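The values are calculated or read from the model by the stated rules, or taken from the named source; none is laboratory data. Bear in mind that the values here come from a model prediction, so they are computed numbers and not experimental data. Because the Cβ atoms are built from the backbone with ideal geometry, glycine has one as well, and the counts that use them run over all protein chains shown.
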Amino acid sequence: MDGIHDLGGKQGYGPVPVVEGDAPFAHEWERRMWGLARAGIAKNITIDWFRHGLERMVPADYLAFPYFKKWVTNYLMLMIDNGEVTMEEALAGHTNRKEPPAKALSLEEMLEFQRGLCTDFSRDIGTKPAFAEGDTVTTKSHTTADHSRLPQYAQGRTGKVLAYRGAHLLPDVGAAGVHEAEHLYTVAFTARELWGDEGHPKDTVTLELWESYFA
Amino acid sequence: MTSFDSDEAGRIHRHLHSHLPSDPALRVKALESLAVERGLVASETIDRWVEAYSEHIGPMRGARVVARSWIDPDFRARLLDNAAEAIKDFGFEGNATGHLKAIENTDDQHNLVVCTLCSCYPFSILGMSPAWYKSTAYRSRAVREPRAVLKEFGVDLPEDVAVRVWDSTAELRYLIIPQRPAGTEGWSEDQLAAIVTRNSMIGTDRDLKVN
């Protein structure tokens, strides 16, 4: 979707907060949010549905909220949507529908669990990729209202296949809970193709693009 | 059950926008209380996650991998061929490293990583990302004016060095291998790892300092 999240190439956001934004966390609540997210508290979701949830936030909030405030808001949305809590419970921050407490993990158990989160998104789909390294490809000039990983700045642009990456789960359907894979490529675009004369003649931008993103 | 309904997500978000307290600390407190009450996680486990990402999982892992790649040519070859597998030598695999790629800086090419669509980052090898990586300024500008962004980080790139920006919006993640600085001949892996900065592994730092 052409949402507020699609920031690549947009102008007017000012300098990067290089010094004041160097730390990963500025507040304790940010650390708690990160821990909650790692613990996987939203059941029956996909990574793509999680990202699409962020994209469907109120646009002004998306721009104004710090990163982890976006996350906590999105997690509440996900857990209302999947029926874990009601809207009333989310607003109250409390539920009477209690479940037995979860087992506390030791640091060792948790670090072992973390290693297992090394997810493989590739699938064997039994068809041959249509393109190979060095081929010229052109992307579609538009996207749909649904989740997509084809940013606006690279729509309708021509680039070269840098590498074929195998077939990976397609985020567009993953956001709808469907696990289907498509051939994936890393494509390099020249800065001139993307940004016209302002692009440096030596520079390139690469993106991972699925086969259905090509025109 | 999850609806996977985009418009429903939008409706819930608009309701939350109008009714949740603005203070993010209160929102997180509510989320944690609900998650604990619903038996989804123990508060002690969240403490452990915070501890893990403060003391065990962070850029020191990536720095170790880079240092090894400078002194062990066989490891470097394996790393460049398949970083997701190579980091298992250290047990560093985990969150967002299933399709990790290592990209080396050269005299002719500098590499920079961004995610313009969210803030994808190789957590298990670099820890939580710095706030600037998730900022609207970095996400919007890195692909369009990488040289100006690099200058803000103190990297003044010669005109004849090409910049390649890796917009990592799929499940591939990138670890940039900075060049080994002169004057480090004979150094141990520990000594070398100590000079590798987090930013150099994202690409917002280039010439590592020796001292």
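Based on this model, can you work out whether A:Arg38 counts as at pLDDT 95 or above and of a type in the set (Lys, Arg)? Quick ask: steps written out before the conclusion?
Values: at pLDDT 95 or above: no; of a type in the set (Lys, Arg): yes.
For A:Arg38, the condition - at pLDDT 95 or above and of a type in the set (Lys, Arg) - is not met.
Considering each residue of segment B:48-92, count those that are hydroxyl-bearing (Ser, Thr, Tyr) and under 17 Å from B:Thr197 (Cβ atoms), and give that number.
Step one: filter segment B:48-92 for residues hydroxyl-bearing (Ser, Thr, Tyr), giving B:53-54, B:69.
Narrowing further to those that are under 17 Å from B:Thr197 (Cβ atoms): B:69.
Number satisfying all stated conditions: 1.
For segment A:180-189, check the following and say yes or no: at least one residue is surrounded by fewer than 16 Cβ atoms within 10 Å (Cβ to Cβ) and within 27 Å of B:Ala9 (Cα to Cα).
Of segment A:180-189, the ones surrounded by fewer than 16 Cβ atoms within 10 Å (Cβ to Cβ) are A:180.
So of that shortlist, the ones also within 27 Å of B:Ala9 (Cα to Cα) come out as A:180.
Taking every residue of segment A:180-189 in turn, at least one turns out to be surrounded by fewer than 16 Cβ atoms within 10 Å (Cβ to Cβ) and within 27 Å of B:Ala9 (Cα to Cα).
Among residues belonging to segment A:136-166 that are without any contact (Cβ under 8 Å) to a residue 40 or more places away in the chain and either of a type in the set (S, T, N, Q) or touching a Leu at 6+ places or on another chain (Cβ under 7 Å) (or both), point out the one that is farthest from B:Glu8 (Cα to Cα).
Ranking the qualifying residues of segment A:136-166, first place goes to A:Thr136.
In segment A:51-69, which residues are more than 29 Å from B:Lys151 (Cα to Cα) and crowded, with 20+ Cβ neighbours inside 10 Å?
Step one: list which residues in segment A:51-69 are more than 29 Å from B:Lys151 (Cα to Cα), which gives A:51-61, A:69.
Hits for segment A:51-69 are A:Arg51, A:His52, A:Gly53, A:Leu54, A:Glu55, A:Arg56, A:Met57, A:Lys69.
Could you please let me know if A:Glu133 is more than 8 Å from chain B (Cβ to nearest Cβ), under 30 Å from B:Glu37 (Cα atoms) and surrounded by fewer than 17 Cβ atoms within 10 Å (Cβ to Cβ)?
Numbers: more than 8 Å from chain B (Cβ to nearest Cβ): yes; under 30 Å from B:Glu37 (Cα atoms): no; surrounded by fewer than 17 Cβ atoms within 10 Å (Cβ to Cβ): yes.
So A:Glu133 fails the test.
Evaluate segment A:15-23: report whether one residue or more is at the interface with another protein chain (Cβ under 7 Å from one of its Cβ atoms), under 23 Å from B:His15 (Cα atoms) and not polar (S, T, N, Q). Can you show your working first?
Start the filter on segment A:15-23 by keeping residues that are at the interface with another protein chain (Cβ under 7 Å from one of its Cβ atoms), which leaves A:15-18, A:21-23.
Cutting the leftovers down to under 23 Å from B:His15 (Cα atoms) gives us none.
No, segment A:15-23 contains no residue that is at the interface with another protein chain (Cβ under 7 Å from one of its Cβ atoms), under 23 Å from B:His15 (Cα atoms) and not polar (S, T, N, Q).
Each row is one residue, and each column tells you yes or no for (1) within 7 Å of chain B (Cβ to nearest Cβ); (2) in contact (Cβ under 8 Å) with a residue 12 or more places away in the chain; (3) among the small types (Gly, Ala, Ser); (4) under 29 Å from A:Tyr13 (Cβ atoms).
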{"position": "A:Gly40", "(1), (2), (3), (4)": "no, no, yes, no"}
{"position": "A:His52", "(1), (2), (3), (4)": "yes, yes, no, yes"}
{"position": "A:Leu76", "(1), (2), (3), (4)": "yes, yes, no, yes"}
{"position": "A:Ile80", "(1), (2), (3), (4)": "yes, no, no, no"}
{"position": "A:Glu84", "(1), (2), (3), (4)": "yes, yes, no, no"}
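Could you list, in sequence order, all residues of segment A:16-57 that are over 17 Å from the mean Cα position of the chain (by Cα) and of a type in the set (A, V, I, L, M)?
A:Val16, A:Val18, A:Val19, A:Ala23, A:Ala26, A:Met33, A:Leu36, A:Ala39, A:Ile41
Among the listed residues A:Asp197, A:Asp172, which satisfies the condition of being of a type in the set (D, E, K, R), part of a helix (DSSP H, G or I), more than 10 Å from every other protein chain (Cβ to nearest Cβ) and crowded, with 21+ Cβ neighbours inside 10 Å? Spell out the reasoning first.
On the way: A:Asp197 fails: crowded, with 21+ Cβ neighbours inside 10 Å.
Testing whether each residue is of a type in the set (D, E, K, R), part of a helix (DSSP H, G or I), more than 10 Å from every other protein chain (Cβ to nearest Cβ) and crowded, with 21+ Cβ neighbours inside 10 Å leaves just A:Asp172.
Give the residues of segment B:15-39 that are surrounded by 15 or more Cβ atoms within 10 Å (Cβ to Cβ) and in contact with an Asp or Glu (Cβ under 6 Å, 6 or more places away or on another chain), sorted by residue number.
Answer for segment B:15-39, where residues must be surrounded by 15 or more Cβ atoms within 10 Å (Cβ to Cβ) and in contact with an Asp or Glu (Cβ under 6 Å, 6 or more places away or on another chain): just B:Arg38.
Can you tell me which of A:Gly126, A:Gly166 is at positive phi and in a loop (DSSP other than H, G, I, E, B)? Walk me through how you get there before you give the answer.
On the way: A:Gly166 fails: in a loop (DSSP other than H, G, I, E, B).
None of the others qualify; the one that does is A:Gly126.
Which condition does A:Met110 not pass, out of (1) modelled with pLDDT under 95; (2) part of a loop (DSSP other than H, G, I, E, B); (3) facing chain B (nearest Cβ under 7 Å), if it passes all the others?
Here A:Met110 clears every test but (2).
Here are some conditions: (1) among the small types (Gly, Ala, Ser); (2) more than 7 Å from every other protein chain (Cβ to nearest Cβ); (3) surrounded by 19 or more Cβ atoms within 10 Å (Cβ to Cβ). A:Gly12 meets all but one. Which one does it not meet?
Looking at each condition in turn, A:Gly12 falls short on (3).
In segment B:173-198, what count of residues is obtained for those that are within 12 Å of the chain's Cα centre (by Cα) and under 30 Å from A:Leu170 (Cα atoms)?
4
Where in segment B:131-211 are the helices (runs of 4 or more DSSP H), entirely inside, with at least 1 residues that are within 23 Å of B:Gly94 (Cβ to Cβ), in the same structural domain as B:Asn82 (by TED's automatic domain parsing) and not hydrophobic (A, V, I, L, M, F, W, C)? Show your work before the answer.
Numbers: elements: B:136-141, B:146-152, B:189-193, B:198-202.
Per the criteria, B:189-193, B:198-202.
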